[in-house]
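My questions will all concern the structure given below.
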Amino acid sequence: MPKNSDHYYITTPIYYVNAAAHIGHAYTSIAADVMARFQRLCGKQVNFLTGTDEHGQKIARAADAKGVGPQTFVDEISQTFRDLHVALGASITDFIRTTEPRHIIGAQKFWEAAAAAGDIYKKTYEGLYCVGCEQFYIPKDLDAEGRCPIHLKVPELLQEENYFFRLSKYSDALKKHFDENPHFVFPQNRQKEMRQILEDGLEDISISRSVEKLSWGIPVPGDDTQVMYVWFDALTNYVTAIGYGARDDSHDAFTSPWWPADAHVMAKEINRFHALLWPAMLLSAKLALPEQVVAHGWLTVDGQKMSKSLGNVVNPYDVISKYGLDSFRFFLFREMPFGGDGDFSFTKLEARYRADLQNDLGNLLMRTIAMAIKFCDGKVPPTTPGTHEELWHKYSEHMNRWEFQPALEIIWDYVRALNQLIDREKPWTAAKEGRTADVERTLYTILEGLRQIAIAVSPFMPETSQKMLAQLGFDYFDPKFDNLIEWGLLKSGGTLIAESPLFPQLAE
Ligand code: MSP
């Protein structure tokens with residue numbers, strides 16, 4: 001079954017299980033969740049995959065350091081990543097682990113497909129390897145002190161006989177793909193960066209390790225002296241999760257209603273693996289290339305890279321317990337343009353909480369419902385004509401292009417405009433003067449606006465969206481883009497329900 005156009009397949013990286021998750025991991029998974037929820041809003045059936053990357057030197061060493069066997073070690077940390085996704089409200093539909101049989105079988109089949117294409121050969125190799133990145137470096141890519149630019153550590157010298165993948169063979173095909181698909185990588189600067197690397201030409205890469213040096217990996221088919229290089233193993237998760245290798249037929253026969261994926265989401269440091277190596281592997285295995293690789297920036301904390309040694313690693317559970325899940329999710333995309341680097345700070349989060357959430361949105365809902373209770377017996381007043389179709393189409397265009405901050409700006413401009421409408425129309429004065437029609441018109445306009453806002457914010461703030469709809473009198477409301485653009489779905493005569501504030505006062 002080929003790709004179904006009603007299907008949307010989105011993935012996060014599979015996270016290394018060498019250490020606990022922090023807000024950086026949460027950032028990627030929430031970004032992917034926002035898009036997953038938006039696509040559902042637009043009527044798509046969504047497969048949202050995340051998981052854990054459990055092989056390789058880094059994990060083997062972390063397990064050793066803890067004095068436990070690697071399987072015990074990865075079982076424990078993988079579970080914490082699974083739990084984190086629940087806590088983040090990430091609407092994942094699958095969670096893959098690279099130690100699962102479905103993955104191991106599929107990764108081996110993938111290897112066989114690349115071998116059958118003549119793309120795997122053996123060679124003795126000497127190179128500089130950064131265990132943190134699980135990657136070989138060439139001297140020109142190291143910093144002035146010869147360190148890996150990500151971990152700021154001098155790589156280890158490795159020498160062994162490995163299998164190599166003919167990455168160089170795919171330089172031209174990839175160039176063509178980049179040229180024909182100018183939005184293959186988001187954002188544009190990362191597309192250009194990858195295109196430049198292609199211009200310089202790709203080199204073949206080592207895709208296995210000798211078992212003597214590293215045994216914690218997937219055995220290379222037909223050679224039990226070698227295990228797969230962790231990246232070759234890990235990248236295949238995007239297809240092993242949807243059944244690649246599950247059936248015992250020819251590799252060429254693999255089709256899935258989910259493949260090709262619509263978006264692989266990650267941060268910039270692993271863009272190269274997703275935008276160059278993975279597509280080359282797919283070409284080798286004769287599979288279609290993903291629609292888009294989304295490589296966002298890095299989240300820093302108070303201007304600094306998060307690191308254990310700096311002691312500034314922010315635990316997502318701490319943020320959620322203090323400010324609530326939706327405030328955290330909102331902040332990540334309201335404050336920083338998605339794609340670029342962004343800085344997290346409790347001070348900035350708190351400022352957004354007070355201004356945008358408590359003051360703008362929370363107050364708008366609370367005072368409007370209070371006025372409707374006072375002036376309209378707690379019922380939705382008669383319908384008033386209106387339309388905001390154009391606005392929501394703009395919102396949708398931004399969402400489809402990963403422009404989350406402008407999409408939120410559109411919503412908040414509207415929230416503020418409705419607050420201004422109250423200040424201008426002064427329904428309390430109109431009520432005193434007996435201008436009932438004016439009161440009803442103003443309140444209906446705001447209440448219906450709030451219904452639409454509840455839908456528009458739902459990808460970012462799913463709980464808040466439901467709370468808003470409940471206060472507007474809906475027992476159940478399935479948010480859909482169609483009922484976002486249609487004006488007047490809030491039925492007059494419906495009962496409004498005053499509840500506690502959407503965003504409570506913060507504990508001191
Ligand atoms: N296991 C590989 C990915 C294999 S995918 C086939 C890996 N894992 S990781 O645990 O190191 O996760 C890296 C990813 O976590 C980043 O690409 C990004 O998605 C997310 N982030 C981790 N720290 C982050 C920040 N400080 N800021 C933004 N994203 C961060 O690489």
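Has region 413-420 got at least one residue that is part of a helix (DSSP H, G or I), within 30 Å of residue 263 (Cβ to Cβ) and either in contact with an Asp or Glu (Cβ under 9 Å, 6 or more places away or on another chain) or open to solvent by 50 Å² or more (accessible area, probe 1.4 Å) (or both)? Steps first, please.
Of region 413-420, the ones part of a helix (DSSP H, G or I) are 413-420.
Then keep just the ones that are within 30 Å of residue 263 (Cβ to Cβ); that gives 413-415.
Among the residues that remain, those that are also either in contact with an Asp or Glu (Cβ under 9 Å, 6 or more places away or on another chain) or open to solvent by 50 Å² or more (accessible area, probe 1.4 Å) (or both) are: 413, 415.
Within region 413-420, one or more residues are part of a helix (DSSP H, G or I), within 30 Å of residue 263 (Cβ to Cβ) and either in contact with an Asp or Glu (Cβ under 9 Å, 6 or more places away or on another chain) or open to solvent by 50 Å² or more (accessible area, probe 1.4 Å) (or both).
From 217, 222, which residue is touching an Asp or Glu at 6+ places or on another chain (Cβ under 9 Å), open to solvent by 60 Å² or more (accessible area, probe 1.4 Å) and not acidic (Asp, Glu)? Break it down into steps so the answer makes sense when it comes.
Numbers: 217 fails: open to solvent by 60 Å² or more (accessible area, probe 1.4 Å).
Checking each option against the conditions leaves just 222.
Same structure, new question: Could you please let me know if residue 307 is open to solvent by 20 Å² or more (accessible area, probe 1.4 Å) and in a helix (DSSP H, G or I)?
So residue 307 fails the test.
Looking at region 69-84, can you tell me whether even one residue there is part of a loop (DSSP other than H, G, I, E, B) and either within 15 Å of the ligand (Cβ to nearest atom) or more than 23 Å from residue 256 (Cβ to Cβ) (or both)?
yes
Test each condition in (1) among the hydrophobic types (A, V, I, L, M, F, W, C); (2) without any contact (Cβ under 8 Å) to a residue 40 or more places away in the chain; (3) in contact with a strand residue (DSSP E or B) (Cβ under 7 Å, 6 or more places away or on another chain); (4) within 15 Å of the ligand (Cβ to nearest atom) for residue 211 and report the one that comes out false.
(4)
Count, please, the residues in region 310-337 that happen to be of a type in the set (A, V, I, L, M, F, W, C) and open to solvent by 10 Å² or more (accessible area, probe 1.4 Å).
Summing the residues that are of a type in the set (A, V, I, L, M, F, W, C) and open to solvent by 10 Å² or more (accessible area, probe 1.4 Å) in region 310-337 gives 5.
Next question. Filter region 475-508 down to residues that are assigned to a loop (DSSP other than H, G, I, E, B), open to solvent by 40 Å² or more (accessible area, probe 1.4 Å) and modelled with pLDDT of 90 or more, then give me how many there are.
Matching residues across region 475-508 total 14.
Let me ask something else about it. I'd like to know if region 289-299 contains one or more residues that are within 24 Å of residue 334 (Cβ to Cβ), at pLDDT 95 or above, open to solvent by 10 Å² or more (accessible area, probe 1.4 Å) and within 13 Å of the ligand (Cβ to nearest atom).
yes
Could you count how many residues in region 1-45 are aliphatic (A, V, I, L, M) and open to solvent by 10 Å² or more (accessible area, probe 1.4 Å)?
Final tally of qualifying residues: 5.
OK, next. If you go through region 375-382 one residue at a time, do you hit one that is assigned to a helix (DSSP H, G or I) and modelled with pLDDT of 95 or more?
Residues of region 375-382 assigned to a helix (DSSP H, G or I): 375.
Those still in the list that are modelled with pLDDT of 95 or more too: 375.
Among the residues of region 375-382, at least one is assigned to a helix (DSSP H, G or I) and modelled with pLDDT of 95 or more, which makes the answer yes.
Go through (1) within 11 Å of the ligand (Cβ to nearest atom); (2) assigned by TED's automatic domain parsing to the domain that holds residue 39; (3) among the polar types (S, T, N, Q); (4) part of a loop (DSSP other than H, G, I, E, B) for residue 256 and report which single condition fails.
(1)
Where residues in region 236-250 are open to solvent by 20 Å² or more (accessible area, probe 1.4 Å) and under 16 Å from residue 103 (Cβ atoms), which of them is modelled with the lowest pLDDT?
Out of the qualifying residues, it is 247.
Identify all residues within region 48-68 that are away from the ligand (no atom under 16 Å from the Cβ) and open to solvent by less than 60 Å² (accessible area, probe 1.4 Å); write none if there are none.
68
Then there's this: Just checking, does region 356-363 include any residue being under 18 Å from residue 455 (Cα atoms) and without any contact (Cβ under 8 Å) to a residue 12 or more places away in the chain?
No, region 356-363 has no match at all.
One residue is enough: does region 149-168 have a residue meeting the conditions open to solvent by 50 Å² or more (accessible area, probe 1.4 Å), acidic (Asp, Glu) and over 19 Å from residue 128 (Cβ atoms)?
no
Give all pairs with beta carbons closer than 7 Å in which a residue from region 266-279 that is under 19 Å from residue 152 (Cα atoms) and open to solvent by less than 20 Å² (accessible area, probe 1.4 Å) meets a residue that is assigned to a helix (DSSP H, G or I) and near the ligand (Cβ under 8 Å from one of its atoms); count only pairs at least 6 apart in sequence or on separate chains.
Correct list of pairs: 267/28.
I'm trying to understand the selection: among the residues of region 83-141, which are among the basic types (Lys, Arg), touching a strand residue (DSSP E or B) at 6+ places or on another chain (Cβ under 7 Å) and surrounded by 15 or more Cβ atoms within 10 Å (Cβ to Cβ)? Before the answer, list the steps.
First pass over region 83-141, keeping only residues among the basic types (Lys, Arg): 97, 102, 109, 122-123, 140.
If we keep only those that are touching a strand residue (DSSP E or B) at 6+ places or on another chain (Cβ under 7 Å) too, we end up with 97, 122-123.
Scanning region 83-141 gives a single hit, 97.
One line per residue, one yes/no per condition, for (1) away from the ligand (no atom under 11 Å from the Cβ); (2) out of contact with any Pro (no Cβ under 6 Å at 6 or more places or on another chain):
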| residue | (1), (2) |
| --- | --- |
| 9 | yes, yes |
| 14 | no, yes |
| 18 | no, yes |
| 26 | no, no |
| 36 | yes, yes |
| 39 | yes, yes |
| 43 | yes, yes |
| 46 | yes, yes |
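Which is in contact (Cβ under 8 Å) with a residue 40 or more places away in the chain and open to solvent by 20 Å² or more (accessible area, probe 1.4 Å), of 340, 378?
On inspection, the qualifying residue turns out to be 340.
The values are calculated or read from the model by the stated rules, or taken from the named source; none is laboratory data. Please read these numbers as outputs of a predicted model, since none were measured by experiment. In this analysis, Cβ positions are derived from the backbone assuming ideal geometry, glycine residues included, and neighbour counts consider all displayed protein chains. In case anyone asks, the SASA skips ligands and DNA or RNA and just uses the protein heavy atoms, side chains included. Shrake-Rupley method; radii C 1.70, N 1.55, O 1.52, S 1.80 Å.
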